[in-house]
Every structure is written in structure tokens, then in C-alpha cells.
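Structure, as C-alpha cells:
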Amino acid sequence: MTTTDTPRPPSQDGALKRITAFVGAENLSLIIALIILVALIASQSEFFFSARNILNIGQNMAVVGLLAVGMTLVIVSAGLDISVGSMAGAASVVCALVVNATDMVGLGIAGGMALGTVLGLVNATIITVLRVNPVVATLATFSAFRGLAFLIAPGGRPVGVLDPELRFLGSGRVFETEGFPGIPVSFLILLFVAVVAHIVMKTTVFGRSIYSMGGNPAAARLAGINLTSMKFRIYAISGALAGLAGVIVTARTSSGQPASGTQGLELEAITAVFLGGALLSGGKGTIVGTMLAVMLIAVLANGMNLLGIPTFYQLVAKGLLLVAAVAIGQWRLARSERQQAQAAAAGSQ
Amino acid sequence: MTTTDTPRPPSQDGALKRITAFVGAENLSLIIALIILVALIASQSEFFFSARNILNIGQNMAVVGLLAVGMTLVIVSAGLDISVGSMAGAASVVCALVVNATDMVGLGIAGGMALGTVLGLVNATIITVLRVNPVVATLATFSAFRGLAFLIAPGGRPVGVLDPELRFLGSGRVFETEGFPGIPVSFLILLFVAVVAHIVMKTTVFGRSIYSMGGNPAAARLAGINLTSMKFRIYAISGALAGLAGVIVTARTSSGQPASGTQGLELEAITAVFLGGALLSGGKGTIVGTMLAVMLIAVLANGMNLLGIPTFYQLVAKGLLLVAAVAIGQWRLARSERQQAQAAAAGSQ
Amino acid sequence: AQEIVAIYKSGTQQYFIDQAEGFQAAAEARGYDSRVINVELDSNLAISAMSDAIAGGASGIAITAPDQALGPALATAAADAGIPLIATDDPLMDEGGNPVPFAGFDGVAMGTSVGEKAAELLVESGWLDGESYGILSVEVQTLSVCEDRTNAAKEQLTAAGASPDAIVQVPYDGTTDASLTAAGPLITANPQVDRWVVVACNDEGVLGAVNALGNAGFQPDEIIAVGLGAYEACRPWAAGLPTGFKAALYLSGTDVGAAAANALIDSIESGEPLPLNTVADTTIVDPTTYADVMPCE
Amino acid sequence: MSVHLSIKSVGKSFPGVRALGNVSVELKGGEIVAIVGENGAGKSTLLKILSGDYALDEGHVSLDGTSLDGGTPLEAREAGFRLVRQEPEIVPFVSVLENIYIGEMPAGRGGRVDFARMRREATAMLARYGFAGLIDLDQEGRTLSPAQMQLVEILRALKPGAKVVAFDEPTSSLTQRETERLFDLIRQLKADGLAVIYVSHRLHEIMEIAERVFILKDGAPTGDLQIDATSEEEIVRLMVGRDLDAHGMRRKPVEPGEVVLEVEGLSSRWHRDISFSIRAGEIVGFAGLVGAGRTELAKVIFGEYPRTSGTIRIDGETRTIRTPSDAIRANMGLAPEDRKGEGLILVRSVMENASMAVFHKLSRWGILRQAEMLETVEPLVRRLDIKTPSLETEVGKLSGGNQQKVVLARWLAASPRLLILDEPTRAVDVGAKAEIYRLIDDLARSGLAIMMISSEMPELLSMSDRIIVMKDGRISEPVPRHEATEERIVNLALGTAA
Ligand SMILES: Nc1ncnc2c1ncn2[C@@H]1O[C@H](COP(=O)(O)OP(=O)(O)OP(=O)(O)O)[C@@H](O)[C@H]1O
Ligand SMILES: Nc1ncnc2c1ncn2[C@@H]1O[C@H](COP(=O)(O)OP(=O)(O)OP(=O)(O)O)[C@@H](O)[C@H]1O
Ligand SMILES: [Mg+2]
Ligand SMILES: [Mg+2]
């Protein structure tokens, strides 16, 4: 039997079982892939396990991670949002402009996220009011929002921004002590967002309704779920998180980047969500799975950089990793179903 | 009611109706969008209608067009192939290498298409044997095949190839006469492929089975359609056409391009297929619709270049066009359904 | 052994492939380990690569940033880690607006060389008087380091007497195919022009436009195309084919890579700060001279 | 032609359940054998094994000497086994014609489909079996009504080469008249020397059409009897393991209360000027032929389809109902007839499906309360006797009847004022049916108004306080319970003089 996402009443199982229950049996294969990968890299590079490097990985996850969290909501609801990278680019520019104009980092963050939210609402409007399917709609805004980002940026050029507070957001660390390099702020932001999203998806009416509408929109509507308003909320959240990702790009690069730094992110985020176990047809997928997938991809990228593997081999390795991670999962699923059926047959004999 | 794809017995309707029947009612909106666009551009530039420019558009359609034809098969079968651009890149390199080594253009074409086919079979294997969902599988090979393309190319560099015959394939024209600039060879290739694909999709057992398996895989499987072998054939075709597109890239740019020349092509092709009326969930989509969409996009790009519109505005305009084209279609559909309902209501009074 | 790291904005362009080779060869010659990280024009990845390199124990870093706005972030990261940083190809500024040590030639210098050569050929051709000529400037308008090059080239051309009205901007994405696609209609839209000058941010851009001109029926002697990189330009030259490529700026990526590595190692070994400018040579090549300074494959 | 289907010691398990164990049965040409059993007894599983859909775990199956043990759907079909599935599988965007020939289109030169031949054969088939006029061969699959989908399934099975035709609950979406037509068809198949397997929960149908009945309980055979030598009571006892009133119940009339639902002058794309009302405690049955527009009426009232005019009042208050969520807020519930397409989220759990419509009631500040969810769903699962390995099981893995019960559980959880039931006992076994009747009765007695659309005449007659007959988007005067006879209803439905 596959797991569902409804929490079960707490049982008296061992810690291992509880971990399995939390990450979901399907995600075990991601963990296995992660462990193998870590072992491989660590055996080749003494630096991998340095505290600094581990935290580094955390920091590098932030941008894709934020987009992937939003994308999880969208894909579970049976939609798709190809415009996230472009929204992040536009938000990055707006954040830089606002911080330069006002010297207030809070306003910059708010500005970036507000723009992302508005652009997300634009996506939702095109999808619901104009009834354009989400792939075409967000392919269209993927292009339009990118153009917008360049139009916002004066002269279409990156907007430098040197505010140290903003920098802190991108590359600062907290809890720094002797011997411990501290935890990156951007990673904490991602962690916070992911935990909130996890709770929302698991336990709230909104979250469960996303699963319902993704699994069967007709049934969800007849059960009283307002698909239109759900879509507005989901795409707005995806946009807001893309905006936040854009803010972090600005903070990390100390410049508002209309495109560079946010290109190709949509494929990265989509990859993570599907690798994390979501279904194209909707109704399935978890934040935990997505975050594991983001981590797997980030560890791979970090490890390959540590080991100095040439770009071409990196590309091939990334492809192989994706296939392997999913294939392991499929193989385990098939095996466990076979075993359970055998158990059932034996039990009733 | 929307049209079905089953040919009906020929009726005595006028030519207009027959055209509508051929392009499909849904595609009328694409034609409307195309006409508006052409009128707009032509009103701004006297050169748009020059024979040379029209043929230019045809020539520029070839690469994306070939990918989009293959993608139509894939998407109608409820799959997705994100690796087409990467396959084209690898095939482009192989074609250049083969032509340089043997001086035989035919062998180069065959080599490029053969590589594409093999890579397509790799995709199919990952999807069917390892049971990885098509999005993840081809996102993985999108990366892996790109790496492969660079690894094939000596030193990862573009492979120059100056064979005039090959060049003819990319930029040659036939039927050139006084006053008429001729028809580009690459456009003729696309046209031939599209017509064959159209016939296959409309009238053959293979084509009809693609619609069945995409529309309802369970029904198709239970009816004895071998989904595995279908997928092998479909992804192989997509690969072969990507290979051919790669060959044309080589011919156009007189060099085997491992990546440049083929970047972002997957999104272009996917855009065209969805704009042409296909559904993400499969079972729907036509070659005619896809080709109209490819044409619409090519005309837009050409027109904007003709008018010297800067990149930023081009990006926005492309987004708006996509939304408009689909929204027109949706609006027409809604209107016709409303009218039918009113007619039904009136009729039963 | 100590390790030095090079970060390049693109690992799929020949120029950076050469640079990586030069960098690694020079490091090896002096007994150092080296690593190369490519970030494919992604600013965010560049920051990640920088911190990966530092976390991986790099003793010195050379970087060609995808965007010059990254300067302060990169300079601060290196300063915090206490390791030398050298900018290659595109100069960077730190937070205080001071230049980061630099090796290579910057975009403005490249564009200026190309522009100068194109202007020279244009003046020689005599098109300036009488002929109806146009200038195709093939630009990645979304990339500031590209705009620097084409802007500088255009400046040189107009300074030499070319009319600004003759300039036609061709937007592309850095690839040959995109340049070819975009140039076609613009050539059509200027039927009065019967002679063309072509400049771009890279050889791919020039090649695409030259192919488009060929498609439109222009003969090689009706085209003055000046490449940037020379790796595409040299092919027809080597094959002895007539071509619109009349000259090209050859940049020795290998030299820049080696110069950066050597500068870093000198600084590590001596403890002295890096020199502000480590200059490498650029050469304008043409069909008769290229073979002396560059390989062509 | 001599047909011989042999099933020997077949067993099949799924994760968590043993669906079939040691099942053996023989079948010969010219025979009509019924298979009966409770929901989840394994009937569909057996048929799916025969049709090559599932692989069997143990045992042997052969048809006329051809082994089908490891058979694929193609091999089973070519050997002559045809299955009319319980849940029709329709391809949405292709024509009915192609839907019928899916997987075996006649090919001419170059793999080109011979559409003309297909059309000829299909038209002939429609005429031969009396289905002409019921379906348009050029219609797209997605526009079909459930009954028409069933017809497509049947036509698929009847293509040449059939030796054994198995019907898995074919009448669950058919009306009386269509059922009779189907029986004519089955008799014709028998006369042609084919073997027929007939699975149904409607015992009276089985008594009428079958010659033998094979009974399954929890995956194991409990009887293989000649119809002449048995009775409905005995069959039921073998099915459920105890005595049960197989005829359901005759509902005792209650004194109706205040008017709950008032529909006035309602018109829509399908309907003209419809007015009726339902009182608290009242069950109003809706009869009609397939295509009469009953399902659409339910959906118009529920806000799923637009209405062009008319008002809807609940408890005397005019409510604006534009979407189903408006309807739910107005205290309505709708259990749709197409449970797979519109009722259930197959990839989600029983728990979620059952609590979906009341998420808001089970939450505080938007956060769902697990304990309350469990408290709501668990008793319902027990009360409806839903057979599921756990509350977390995906609904798609339950048997057809149990799926239907999950839909009902959802609306019981919502405790609405008006409950619209569209074919509520479609594909539900006798035991559960009696249980559902009792539930509906209970609900009515507790003050609910119930609108019950059904194509099962006995069910309508025994459960309804009044019956409204629908024809071509218009309704008849309500027929009160004491005046309702089968004849009168059928005449109204057909438009023949009453
Ligand atoms: N694909 C599957 N995966 C897991 N369990 C299944 C699957 N298909 C059927 N089952 C289980 O096997 C058992 C038998 O189911 P089956 O569909 O054969 O019952 P049935 O007799 O046809 O019932 P009904 O009258 O409700 O249609 C049930 O417990 C069901 O939950
Ligand atoms: N989505 C749709 N689009 C167009 N027409 C439809 C659609 N759904 C149903 N119809 C048509 O509306 C009419 C009534 O439909 P339907 O057969 O569901 O009625 P019904 O009275 O509910 O019958 P049943 O006894 O099957 O429940 C039919 O003519 C049908 O073809
Ligand atoms: Mg069943
Ligand atoms: Mg109905």
C-alpha cells in the first residue's frame, strides 16, 4: 500500500518507523540516493563534511528551494507554473530599486514579494478568467514577465545595490561561534517557508483542498471547493515565493538581476517537485519529498564543484542521478506491493 | 460541439466549410490571430509581404517546426519530451563530424537522425522499463544529452563544417526563377514531415492509437494496445525528428552546435503544441494546429525583427500573443456553446 | 598541494574552454591543483560557485563573472575568506568602488578593437562615399557585458564617419541560429542597402548575420564582417573559401587563463597583493595572419 | 461452435487483501451464468483476470484449450473472451466509432484505418442488436452519458470472434427498457452459442436471465447452483452468510413537514419551466428514460450547470446558487451518478474523500482537526460497512460498491437539509442496498428532504413518497405513492397515454 498524506494517530513504533512515516515511504528512495551520493562525494573530498560546506549547501538551496515549494502547491493542484524564474527576475529588480530608493530592506522585501504576488494573480486571471490552460498561460507569462523585468530595470541592466543589511539576508549567518560557522539566513528563510508549507499542505483545509482539486477537479467542485478562488490563492503563493526567491537573488548577488540568476530555474523547480514524488496529473506530492529532492540536487551540484568535475560530465551526472533516484523508488514500490500481496495471500490461507 | 478527428463522409458544403473542417474549428482562432497579426505587421512594414520575407519565415520555421511535430505525437500520447533540444544539439554535432569525416551529406543526415532515434529509445526505455514519469525522465536526459553533445564534440567546441551541399539543405532554395526567390529546402523538409505526420495521425492505426492511449491509457491498454511498444515508437520518432532538426541547425549555421542554436527549443516546441490546441492530459492535439502555432510564432518573431523591436518588448509581445491566441479560442468556444444552449432552449419551447 | 579555482561564466563557449585549459596547465606547471567551475551565465550560481570554492579550501580564485554587478558580493566573499581574487575578462569593482585585480581584456576594449578594425576596412572600401551601406550590430540586449562590446564597436564606427542612421540592431541570444533568424527580416527591411558591415558580441553572432546575408544574395565582397573570437572566422579562411569575414579579434583564452593562474600563484607564494592589471595580448587577425597566432580546428 | 471456459483454483491478492482464493468454475457455450457476491467479493477481479487485465497469482484459466494464465488483454480478446466492464473506459476526444474499435481498427494499405468498413460494421452491429438511434457514431467520447458509455463497452465486446461475453453490472446505469433490450441481446448471444457471464447485484434480474448462479463470498466460492433449483433467499444467504430480506424494504409513509426545497419556473439549456417542491421527511423519486435530463436537473439545482431562469428556495428562503459551494452553503448535498468522474478523488484516501465536503466544519482557523475527522468518518465507515483495509487506503483501490458508499458517507457527514441522490444504489450489493435504503429512510425521518433519481423501478416505487417523471426536459405532475404503478410511470416516461 502506498502512504497517504493524512497523519495517522501516533503509534508506539520505533524512531525509524516514525521517520519513515514522516518522510513517506516513497521518499525513502530519495534518502537512499542522498546517502549513496554523500558517501561517494565524502570519500573523494575531505572538505565535503566541513561545517562550512554543509551550510554552504544549505545556502545554495534557498533560491531553487523557495520556487520548488510554490511549485509543489501548483503541481499538486494539477497546474504548472513555468513563469517562476521570470517572476523572480522581475522581483529581484524591484527589490533592488526599492532598497536603493528608500534604504529600507524591509520595503525591498515587501516590494519584491508584492510584485511576485501580483504577477501570480495575473497568471491566475489568465488561467481562470480567460480559461487558458496553465502550461500555455505560464509559458506566455514566462516570456512576458521576463520582458517586464528588463523594462523595469533602467536601461535593462542589472541594478547594483550595496545595502549591507540586504547582503546579510543573502550571505549572512546567525548563531556564529568559535568553530561553528553559523547558519545561513537564506537557509533559515527556506526552512521556515518549507515548514509552514508542509503544515499547510498536511493539516489545513486549504492544503487538503489542493490535493482534492488536483486529484479530481470535477469531484472537488461538486464537494464545494471553489476552484477559481483556489487557483488565485495557489498562483499568488507561487508568485509571492518566486518574489522572495528574487529578493534572495538580489541579496546574494548585491544586484537586481532581470534575468541572469533566474533563468532555467523553472525547470530546476519542476524537476525537484517531480523527483519528490508528485504526479503530472495532480493530487500527489509533498513538501518533504520536494525538499529532499532540492537537497539531492544541491548536494550533487556542490559535490561536483568540490571535485572539479567538468561541466559536460556534470550535465550527464545530473541526468543519471535523476533517473536513478526515481527508478530506485519505482523498484522499491513494486517490490513492496508484491510482498504485501504475498503476505495477504499467505495470511488468509 | 467540437469537432472530432474521425473523417466524416464528404458533404456538399462550400469551400469555406471544408477549410474549417480541415483546420478544425478550434484552430480557427489561431487563424484569426494570425490574420490580425499579419495585418498589423504588414501595415507597419511594406517588406512583410515580399516573397523573400515570406520564404524567410518558412525557413526559420524549420527547426522548431520539426521538433513541434514530434512533440505533438508525444503530448497527444500524454507524454512530454523536454530533451528534444538536447537531442538536436547532439545530432548536430554528429552530423558535422560525419560530414567532415566522409564528405557525404547523406551519411551526415542519416547519422544525425540515427543518433536522435537512439536517444529517443533511451528516453522510452527510462519511461517504460524504469517506470520514470516522462517529465522527470526527459528532464534528466535534457541534461544528460546536452552533456553528451559536448562530450562528442572534440574539446566541447562547435564543429565547423563547410560542405556546400549541406549548406544547401539549410539555406538553399529550389524553383528559383526570375522574380521568385524560390522555396527554401528546409521549409520543404518541414512541410513534407508535417504532411506525413498529419496523415499518420489522422488515418493510420498507429496515429489513432496515439489518441486512444493519450485520452485514456487504461482503455487503450485493455483494448490490447501495447503501451510500451507505442511509447518506444513515439519517443523514437520524436528523437529522429529532433535529430533531423539538429542536422538542419548544422546546415544553417555551417557548424555542429552542441548547445548553442538549440537552447530553449524544447519550450518553443511545447509552446507551439499547446497553442495548437493540445491538452497536457493527452488525447487531444493536431498537426495542423501545431503547424499553425509554429507559423504564428515565426511570423511574430519575423515581424518584430522586421520592425526593429527591441528584445524586451519582443518578450512581452510574445507573451501577449500566446494569451490572446488561446483566449480568443476559449471565448469563441464559450460563445458557440452559449448559442447552442439558447438554440436548444428555444427549440424545445 | 594548494589549489586554485577558476570560475567562468560559460563552459560551453570555446573561449572559456581555452581559458580553462590555460589556467589548469599553468597551475600544473607550478605544482598546484586546480579546479574549474562554470556557471552558465547565472549570477546566482556564480555566488554559489564562489562559496563552494572557498568551502573547498581554495587558496586563490579567478573569476569571469556573468555580470559585473556581482563585483561587491564576490570581492567581499574573497576578502572574508582572506584569499586572493582576480577578475578575468570583465573587470569588477569591490564595495568601495575600487577595482578588483584584473587579467585579460575587457568588453569595452574588445568592442573598441573590433570597431576600429571595422571602421578601417569601411573607410578603405570607399563605401562611405556613394555606396549605400548599412551596419548590422548583432546584440544580446539582455546581457550587459555584450552591450558593452557592441556599443564600443558602434562608437568607433560612427567616429570614423559612419552614419548612425546606417546602424541596424539585430537582437539575438548569443547563438548562431538566433542571429541568422533575426538578421534575415532586418536585411529584407533595408532593401536600399547594398553593402553591409557586421559586428557582434561574439563570432557566433557575426557568423549568423553573414549566413543571413548570404541567404539574401549578398556576395562576400559586399560584406565587411569583423569577428570577435576568430574561431568561426578562421574556418573559411583555413579552407580558402571566400567569406564575408574580413578580419576578427583573436583573444587567446589560453593566455588569459595562464596569466590569471600565474598571477594568483605569485601572490600566494609571495604574500604580496595581486597586481592591479595583468595584461594579455589581443590581436586583430585576417586570412593572411591568423595562422601565425592561433590554431584553427 | 462448442465453447468451453475453464477456471481452475484461481487465486489473486492485492496489497492488504486476498481478492480471490481457490476459485474454480466451468462454463459452456449457450449457457448464461450469473456471478454474485457482496461488494468486494472479487467478481470484478475474476473477470479482470479472464480479460488479461490482471495477472493471476495461482491457478489456471483456459478458453477452448487456449491457456490465458499469463494472458494479455489482446490475447484474451483474440481467444474470444470479451468483458463489458463495470466502469466503462472511454477515450474522451475521439468518436464513438473509434471508441468501439479501439485496439483493433481494420487496417488497409500502409496501416491506414479503413474507416468506411468500421462504419459499415458498426452500423450493422447497432441494427442487428437493436441499438440503432441510441448513439451517434460521430459523437465524441467525452459527451456520452453513462448509459451511452455502457453501450460503447457492449459494442466493443460484440465485435466478431466473441466466444464468452462477460457483463460486469451492465444494468447499473440502464433504465428498465434498456435493461430489457439488453436481456434480448443476451438471449440472442446464447442462441448464437456463446457463453455469457452476468454479474449483477439485482437478484431479480439474475432470476430472470441466468440459468446458473455462481456465488462468491470474500473471494471464495460458496455456491454454484441451477437457478431453477434455488431461490433469491438462498442466494442471498450464500452471499452474505446470513438471512436477509432480498427485496429491500417497503418504506412506511411519514407525515411530511415544512417545505424544504422549492423550485419555481426553472429553465436551463436542458429544461423548460420546471416547478416542484420537496418537504422535510419526504422522498421524491425522479423517473425517466436515459437522456431525459434528470442528472442535468440535479446539477442545475446544485449550481454546477447554469440556469437561464427560475428561483430556488430552501426552507422558504430564496438562495442564490451559482456554484456547488453556494449549494452546499444552502445546505444541499449531491451524490452524483458518475462516481469515478465526479464523485471521488481516486488517488486520495477514504478519510479525505469522506470528509471533503465538511472540511470547514472539521477545522478551526483553517486547520483540520484530526480527532474530529476520525470521529466523523469512522462511524460512517462502520455504519455503511465500507470494506477498506484502512481509512488511509486510496479510494481507487476499493471495489465499485464500496466506492459508492464512500460518496454517500461524504454527504452523510455533511448532514444537509436537502440531499440529491443520483442513482444512489448503482452498483451496490443487496446487503448494502438494504442498508442504504434504511439510511435514506432514516435521513428522511430525521427531517431531510430527499430528491432521488433512479432508473430502478422497484427502488423508486418502494422508496418514494411521490414520483416525478421527466421527459425531454419537462416534468410530469408528481404521482403520489398510492397511485404509483410501474405501468403508469413507464407510460409517462414514454409519453404514451396514461
Ligand atoms: N487494483 C487493486 N488494488 C488493490 N486492491 C484491489 C484492486 N482491485 C480490487 N481490489 C480489492 O480486491 C477486492 C475485490 O474487489 P472486486 O472489485 O473484485 O469486487 P467486486 O466483487 O467486483 O465488488 P463490487 O460488487 O463492489 O463491484 C476488494 O477488496 C478490492 O478492494
Ligand atoms: N456535457 C454535455 N454536453 C452536451 N450535452 C450533454 C452533456 N451531458 C449530457 N448531455 C445531453 O443532455 C441530455 C440529458 O443527459 P442524461 O442522459 O445524463 O440524462 P438523465 O435523465 O440524467 O439520464 P440518466 O437516466 O442516464 O441519468 C442528453 O441528450 C445528453 O446527450
Ligand atoms: Mg465489481
Ligand atoms: Mg443521469
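Observations on the structure shown:
- Checklist (1) away from chain B (no Cβ under 12 Å); (2) in a helix (DSSP H, G or I) applied to A:G308, failing item: (2)
- B:M87 being at negative phi and either open to solvent by 40 Å² or more (accessible area, probe 1.4 Å) or within 12 Å of chain A (Cβ to nearest Cβ) (or both): no
- Condition check for C:C201: within 16 Å of the chain's Cα centre (by Cα), crowded, with 20+ Cβ neighbours inside 10 Å and at pLDDT 90 or above: yes
- Check on D:N22, at pLDDT 90 or above, more than 18 Å from D:V164 (Cα to Cα) and not assigned by TED's automatic domain parsing to the domain that holds D:G161: no
- Odd one out for C:G97 among (1) open to solvent by 10 Å² or more (accessible area, probe 1.4 Å); (2) at negative phi; (3) within 12 Å of chain A (Cβ to nearest Cβ): (2)
- Neighbours by Cβ (under 9 Å, 6+ apart or cross-chain): first from the stretch C:272-297, open to solvent by 100 Å² or more (accessible area, probe 1.4 Å); second of a type in the set (D, E, K, R): C:E272/C:D266; C:D281/C:D255; C:E297/B:R157; C:E297/C:R235
- Scan the stretch D:155-170 for residues that are open to solvent by less than 10 Å² (accessible area, probe 1.4 Å) and within 17 Å of D:K190 (Cβ to Cβ) and the total you get is 6.
- Of all residues in the stretch D:17-70, exactly one satisfies the criterion of being of a type in the set (K, R) and open to solvent by less than 20 Å² (accessible area, probe 1.4 Å), namely D:K43.
- Some residue of the stretch D:131-145 being charged (D, E, K, R) and within 16 Å of ligand 4 (Cβ to nearest atom): yes
- So D:E435, is it among the acidic types (D, E) and within 16 Å of ligand 1 (Cβ to nearest atom): yes
- Among residues of the stretch C:64-94, those that are at negative phi and either away from every other protein chain (no Cβ under 13 Å) or among the polar types (S, T, N, Q) (or both), counted: 10
- Residue match in the stretch B:158-172 (condition: in contact with a Gly (Cβ under 7 Å, 6 or more places away or on another chain), farther than 23 Å from B:A259 by Cα and either at pLDDT below 90 or surrounded by fewer than 22 Cβ atoms within 10 Å (Cβ to Cβ) (or both)): no
- Top-ranked residue in the stretch C:34-61 [being within 7 Å of chain A (Cβ to nearest Cβ) and of a type in the set (D, E, K, R); ranked as farthest from the chain's Cα centre (by Cα)]: C:D52
- From the list D:E78, D:E87, the lone residue that is open to solvent by 10 Å² or more (accessible area, probe 1.4 Å) and either facing another protein chain (nearest Cβ under 8 Å) or more than 16 Å from ligand 4 (Cβ to nearest atom) (or both) is D:E78.
- Looking across the stretch D:309-352 at every residue that is among the basic types (K, R) and within 16 Å of A:G224 (Cβ to Cβ), the one that is nearest to the other protein chains (Cβ to nearest Cβ) is identified as D:R348.
- Among the residues of the stretch A:26-73, the ones that are crowded, with 16+ Cβ neighbours inside 10 Å, in a helix (DSSP H, G or I) and small (G, A, S) come to 7 in all.
- Condition met for D:G281 (within 14 Å of another protein chain (Cβ to nearest Cβ) and small (G, A, S)): no
- Against the criterion of being away from chain B (no Cβ under 14 Å), without any contact (Cβ under 8 Å) to a residue 12 or more places away in the chain and open to solvent by 50 Å² or more (accessible area, probe 1.4 Å), A:R221 qualifies.
- Residue count, the stretch D:437-482 (criterion: assigned to a loop (DSSP other than H, G, I, E, B), within 12 Å of ligand 2 (Cβ to nearest atom) and crowded, with 19+ Cβ neighbours inside 10 Å): 4
- Within the stretch D:440-462, being more than 18 Å from the chain's Cα centre (by Cα) and farther than 27 Å from D:I35 by Cα holds for D:D441, D:D442, D:L443, D:A444, D:R445, D:S446, D:G447, D:L448, D:A449, D:I450.
- Residue among A:I126, A:I109 that alone is open to solvent by 10 Å² or more (accessible area, probe 1.4 Å) and in contact (Cβ under 8 Å) with a residue 40 or more places away in the chain: A:I109
- Checklist (1) more than 11 Å from ligand 1 (Cβ to nearest atom); (2) at negative phi applied to D:K48, failing item: (1)
The values are calculated or read from the model by the stated rules, or taken from the named source; none is laboratory data. Please read all numbers here as calculations on a predicted model, not as lab measurements. Counting neighbours? That spans all protein chains shown, and the Cβs are built from the backbone with ideal geometry, glycine included. Note: areas computed on protein heavy atoms with side chains; ligands, DNA, RNA excluded. Shrake-Rupley method; radii C 1.70, N 1.55, O 1.52, S 1.80 Å.
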